[in-house]
Number of protein chains: 2
Amino acid sequence: MNDNSSSIQKLINAFTLLPGVGLKTAERYAYKVISLSSDEVEFFANSLLKAKQNTKFCSVCGTFTDKHTCDICMKRNSKILCVVKEPKDVVALEKARNFNALYHVLHGTISPLENKGPNDIRIKELITRINENKFDEVIMATNPDVEGEVTANYIAKLLTPLGIKVTRIAQGIQMGSDLQYADEVTLSKALEDRKVMN
Amino acid sequence: MNDNSSSIQKLINAFTLLPGVGLKTAERYAYKVISLSSDEVEFFANSLLKAKQNTKFCSVCGTFTDKHTCDICMKRNSKILCVVKEPKDVVALEKARNFNALYHVLHGTISPLENKGPNDIRIKELITRINENKFDEVIMATNPDVEGEVTANYIAKLLTPLGIKVTRIAQGIQMGSDLQYADEVTLSKALEDRKVMN
């Protein structure tokens, strides 16, 4: 409608590439960028390019890294292997206290709807890794949704015959939440998996 | 904690420069960037740099433009001048239907708290512009907050003695909203400024 179909308008369009960012939010972001210092905007633009260029997947576990093998795989010594769906799950789990496992990122889950079978995710690599290293336990930390459950069960069925202890992360009421707002599936699961208190 | 203090971590930090973006949102944005194509990321980074480099303020009205004088000032013919606080207000008003005024961006409002007086915003430029061009009406479209009101009143007192018709945008109940959620100041204003229905 006016010359906002210009540099700013292009930047607004660029921001809508981000998840959950509509026109209003994109405008707010763009106006903010104009008010940042040139150094900050250059840092921002460089960060975008560098993150895209440098970020690879770790050759061992498959998580994000700038190197051939990620720091966790290089430096950590653990007999516990935690299997997750995506690299960002590794970041989330690393925030849990006192957890020092190694990871294996599947890069997806078995999902018939998306036409994804066991061969489309990194299960073969998982088996190879388990055969080459001795793990005491494999924790299935895929999401507690249908695909995550199916994938966890599929992998458990592959590994249990090999004599490996396979566990699943606990499902139940969220810490700090309120019973009345929990959905019925979560409540059923929480009751079913109840623990003896000592 | 691991090698996420790397390219991705830098990108996450960069995203927190944006207004209202915390760590969680920044992470979501960064992961999305990794999954975009290289072309898209390059477009994004270029848009940032270009918007910062090219965006200037129009020499006449003071809004965002890539040129010396913005398209509205160059092409539009109007005897109505609409005074706003910031360039983004121009973008917002341009979305209103059947509104074809010229604009004057003050780049701020009179605000004793922020130590901003009449000389710190573009009031002198407004007076010069009004003296050099014949306007039928000056619409004060600063925000309906304390600073916006003070600024509108200050400018009205300057212009009215010059024989210029100065108006203020209407304040009242928001279109499509619900009376019960309106604050009492808005309700008082809406009642005070009630109009005869024909």
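The values are calculated or read from the model by the stated rules, or taken from the named source; none is laboratory data. Treat the numbers as computed from the prediction; the structure is a model and nothing was measured. Reconstructed Cβ throughout: ideal geometry from the backbone, glycine too, with neighbour counts over all protein chains shown.
Structural remarks
- Only a single criterion out of (1) surrounded by 13 or more Cβ atoms within 10 Å (Cβ to Cβ); (2) in contact with a strand residue (DSSP E or B) (Cβ under 9 Å, 6 or more places away or on another chain); (3) assigned to a loop (DSSP other than H, G, I, E, B) is not satisfied by B:THR69, namely (2).
- Residue check for B:GLN171: assigned by TED's automatic domain parsing to the domain that holds B:ILE123 and surrounded by 10 or more Cβ atoms within 10 Å (Cβ to Cβ): yes
- So B:LEU11, is it in a helix (DSSP H, G or I), surrounded by 15 or more Cβ atoms within 10 Å (Cβ to Cβ) and at the interface with chain A (Cβ under 8 Å from one of its Cβ atoms): yes
- If the condition is being more than 10 Å from B:LEU81 (Cβ to Cβ) and either at pLDDT 95 or above or not in a loop (DSSP other than H, G, I, E, B) (or both), then segment B:127-139 contributes B:ILE127, B:THR128, B:ASN131, B:GLU132.
- Segment B:159-176, residues that are among the polar types (S, T, N, Q) and in contact with a strand residue (DSSP E or B) (Cβ under 9 Å, 6 or more places away or on another chain): B:THR160, B:THR167
- In segment A:22-58, the residues that are at the interface with chain B (Cβ under 8 Å from one of its Cβ atoms), more than 19 Å from B:ILE8 (Cβ to Cβ) and outside any helix (DSSP H, G or I): A:LEU36
- Checking B:LYS10, B:LYS75 one by one, the residue that is farther than 26 Å from A:CYS73 by Cβ, free of Cβ contacts under 8 Å to residues at least 24 places away in the same chain and among the basic types (Lys, Arg) is B:LYS75 and no other.
- Residues that are under 28 Å from A:LYS32 (Cβ atoms), within 14 Å of chain A (Cβ to nearest Cβ) and touching a Lys or Arg at 6+ places or on another chain (Cβ under 9 Å) do not occur anywhere in segment B:114-137.
- Residues located in segment A:68-96, provided they are out of contact with any helix residue (DSSP H, G or I) (no Cβ under 6 Å at 6 or more places or on another chain) and within 7 Å of chain B (Cβ to nearest Cβ): A:CYS70, A:ASP71, A:ILE72, A:VAL91, A:GLU94
- Selection count where residues are in contact with a strand residue (DSSP E or B) (Cβ under 6 Å, 6 or more places away or on another chain) and not in a helix (DSSP H, G or I), scope segment B:140-158: 2
- Of the residues making up segment A:103-113, those that are more than 14 Å from the chain's Cα centre (by Cα) and surrounded by fewer than 19 Cβ atoms within 10 Å (Cβ to Cβ) number 3.
- Residue within segment A:92-100 that is crowded, with 16+ Cβ neighbours inside 10 Å and either in the same structural domain as A:ASN77 (by TED's automatic domain parsing) or closer than 23 Å to A:LYS56 by Cα (or both) present: yes
- Hey, B:LYS116 without any contact (Cβ under 8 Å) to a residue 12 or more places away in the chain and surrounded by 15 or more Cβ atoms within 10 Å (Cβ to Cβ) or not: yes
- Residue check, A:SER6 within 8 Å of chain B (Cβ to nearest Cβ) and modelled with pLDDT under 95: yes
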